[in-house]
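Peer 1: Below is a structure I'd like to ask you about.
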Amino acid sequence: METETDQLANLLRASAVAELEDVVDHLTIEHVVTVPLDNGRNHYESHDGLIVQLRRAITPDLGRGSGGSTGEPSVMDVDAAERYARIKINIIARLDSLPTLPIAGRLPFDREHPEQSLRQWRYAFLAYADITTDDIRDAVQQLHRMAGMIRDKFDPPRQRELVGIDCPVCGQAWWLDNRDRHNIVRRTALVITIRPGDLDESFAECTHCQATRDASEPRGYWRGERGLRELQWDIEQAADQHIDIGASS
Ligand SMILES: [Zn+2]
């Protein structure tokens, strides 16, 4: 018989799996993103997989306009090429780190379409019986960083400090960061990172919670539209006032 603890563990695992599937989809296939408009509403756009977008950015004059050669030399975006190379290395390492699976053997790396390899990695990784929920969460975090690295290329994130607002988790509005004894800094606790045009990848974090957190328990971290709304709600409940942190509609 399933206990409540088992049920909770199953729920947490299911949510980690869903998040892994989501971030891999964003990286690898056409997907819908939420775009906040100036009038406070959202609209929804279809975007190619991030890895495909990045590959296209390496040679910006290919696949644009006439398609035929105009005789002009193709200009390569070195920064995009470097980011792309790092992503390929990351995906190869993921394939290498899988145990040799009875179902698939060793997964080959698709040099032309590394995003396909990442999708195959996902299926194999999730099918592997020994992975823990923490393993899945770790992979989710790493893949969010990968997605962020691509998005930063096209649209650098904007950061905003929520000065004077207490973190609903630790209760601090600011703290003294003395991790470097020679450089003690006063930090605002709550910082929002907005990725323009993509609320799903926007997040808020408490720098104090993150600095002091127990690695097994993520806290002081709110991702995406739902997460930002939750934070806004928590802050408003605590302060009994309306604030706008960018997720309201
Ligand atoms: Zn905090």
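Where a number appears in this text, it was derived from the coordinates with a stated rule and is not lab data. The structure presented is a predicted model; accordingly, all values stated were derived computationally and were not measured. Every residue, glycine among them, receives a Cβ derived from its backbone with ideal geometry; neighbour counts consider all protein chains shown.
Peer 1: Extending each Cα 7 Å along its Cβ direction at residue 92 and residue 106, get the distance between those two points in nm, one decimal.
Peer 2: Taking the two extended label points, one gets 1.3 nm.
Peer 1: Loop only per DSSP, at most 14 neighbouring Cβ atoms within 10 Å: give me the GluC sites (Glu not before Pro) in the stretch 104-179, ordered by residue number. Write out the running numbers ahead of the final one.
Peer 2: On the way: sites: 112, 115, 161; in loops: 112.
Filter output for the stretch 104-179: 112.
Peer 1: Please provide three numbers in whole Å: the alpha-carbon extents of the stretch 154-194 along the principal axes, with the largest listed first.
Peer 2: Ordered largest first, the stretch 154-194 gives principal extents of 36, 26, 14 Å.
Peer 1: Next question, about the same structure. Taking all pairs of different Cα atoms in the stretch 1-154, averaging 1/r and flipping that mean, what Kirkwood radius in angstroms comes out?
Peer 2: 17.7
Peer 1: Under a plain spin-label model, where a point goes 7 Å from the Cα along Cα-to-Cβ, how far apart in nm are residue 187 and residue 82?
Peer 2: Computed distance between label sites residue 187 and residue 82 equals 2.6 nm.
Peer 1: Run through the stretch 108-170 and list the trypsin sites (Lys or Arg not before Pro) located in a DSSP loop whose Cβ has at most 11 other Cβ atoms within 10 Å. Could you put the intermediate results ahead of the total?
Peer 2: On the way: sites: 111, 119, 122, 137, 145, 151, 153, 158, 160; in loops: 111.
Counting only loop positions with at most 11 other Cβ atoms within 10 Å, the trypsin sites (Lys or Arg not before Pro) in the stretch 108-170 are 111.
Peer 1: For the residue pair residue 127 and residue 210, what label-to-label distance in nm results when each label sits 7 Å from Cα along the Cα-to-beta-carbon direction?
Peer 2: Label-label distance for residue 127 and residue 210, simple model: 3.6 nm.
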